[in-house]
1. Using a 1.4 angstrom probe on the protein heavy atoms only, line up K286, K112, K31 by accessible area, largest first.
2. FRET efficiency for L204 and H128, Cβ-Cβ distance as r, R0 = 25 Å, nearest 0.05?
3. Enumerate the amide H contacts of T137 below 5 Å, restricted to partners 5 or more residues apart or on another chain; note that Pro and chain-start residues carry no placed amide H.
4. For region 106-239, what percent of Cα pairs sit more than 26 Å apart?
5. For region 66-133, just run the numbers: alpha carbon Rg, then divide by 2.2 N^0.38 Å, N being how many residues it has.
6. Whole-Hz ³J(HN,Hα) for each residue in region 224-237, computed from phi via Karplus 6.51 cos²θ - 1.76 cosθ + 1.60 with θ = phi - 60°, x for glycine and proline: what do you get?
7. At what distance in nm do the modelled label points of K286 and L48 sit from each other, each positioned 7 Å from its Cα along Cα→Cβ?
8. In what order, largest first, do R115, R215 sit by accessible area if the probe radius is 1.4 Å?
Amino acid sequence: MAKKQLLTRIFCEDINKLFFACGILSMIIIKFFLIRNSEVVGQPRDSLLYTLMADQNIWFPTNKAKAIIDYMPGYPIFIMFSNFLNFSLRISHEIFYTISNILLVFSFRLLKIPRYICLVIFAILTFHITTFLWFNTILTETIAISLYHILLALTVITVMSENLARKLIFSVLGGLCLGIIFITRPEQIVFFLSYLVVFVILVLRNRMNIARAIREALPICIIPIAISLLITTVFTLLNAFFLELPALSISNSSAFKETFSQIQSIDDGQNIDDFEFVNINRQQLKMAYQVSPTLNQVKPLIEEELARRITRLGGKDTTNIEVAIDWVYWSTIEAIRRSNLTEDIGVCIKFLLKLILNCKRHLTIKELTRKLSLLMI
């Protein structure tokens, strides 16, 4: 009798596994049928530059002077891999997303979540409305969500693995995934804070036993962070060696960041700042042209690009309007690229450094004038 019950239980378990696998396979087939005629579209600038970076092989362009590294290399590498496999980019997005969902559901099963709940989760993820919208675009979000799923799954598998060797293997894979995220999206601080929270929880769980908490955090936090930092360092060195850019992208370079912090620091007498992400006004930019002969050289192109962005969104371009800091970033880079002043990335960085010196010189003179006035008073 007991043997009969055991065979029945094994048979039912096999039936459940088969049903679970068939359910997932059916949803994958339906999803690929629904997107069979879908094509990728995108904003002119982003789409063009991502595809150009991929077509130029990023670090090995046919013409180094026209190399493009406006964005991080993660997504262009994905496009290069898709082209190598001769897959359409839309299909590559979906394949990568499907693999990430399967891995995520597998990790949930390790947590003893029932199969029918896992099927519901897989269905929600597979047919979520955003996958029909985002995956038709050429943006980093299209692979970022898949990378997040994979990282979560690998973390769960690492935690649930009892075998030390297996735990270390999945910890290393998690670090590789985290590193790919870091060269795809500028979200390092979010993950660092998340891992810090996990480490604090481990410390509290071990009753402030730091040594034991570090041992537990080693495969969960420390190894992934170390590997991810190694990956970002390698890609930064690649950019520095081949493209003379000591950063993951132009917008990540210290010269780029300091340039616009200098422009923001110009006192226009108003400093209107009504919106969280809108903090450079036209007057500040006008004064920047006056104090920086370097910036003034590309003024017509910057103004043309800014006006185009403002009017495209239905705004009115006036002298006191505030514009998004991102618009000023990309308008300036676009102006430098379009001008005859510089096409090479290394020269572009030198251009920005010269601009910084112009602004600093202005601020220094203004501060000395203010102090002199106070002394005279």
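1. Values: K286 105, K112 170, K31 0 Å².
So, going from the largest accessible area down, we get K112, K286, K31.
2. Working: r = 35 Å, r/R0 = 1.40.
It comes out at approximately 0.10.
3. V41
4. On the way: 2910 of 8911 pairs.
The calculated P(r) of region 106-239 puts 33 percent of pairs beyond 26 Å.
5. Details: Rg = 15.9 Å, N = 68, 2.2 N^0.38 = 10.9 Å.
Dividing the Cα radius of gyration by 2.2 N^0.38 Å gives 1.45.
6. Whole-Hz 3J(HN,Hα) from phi for region 224-237: x, 5, 4, 5, 5, 5, 5, 5, 5, 5, 4, 6, 5, 5.
7. In this crude spin-label approximation the distance works out to 3.0 nm.
8. Numbers: R115 45, R215 160 Å².
If we order R115, R215 from most to least accessible, we get R215, R115.
The values are calculated or read from the model by the stated rules, or taken from the named source; none is laboratory data. Everything numeric in this text was worked out from a predicted model, so none of it was measured. Here Cβ is always computed from backbone atoms with ideal geometry, including for glycine, and neighbour counts include all displayed protein chains. With ligands, DNA and RNA removed, areas are computed over all heavy atoms of the protein, side chains included. Shrake-Rupley method; radii C 1.70, N 1.55, O 1.52, S 1.80 Å.
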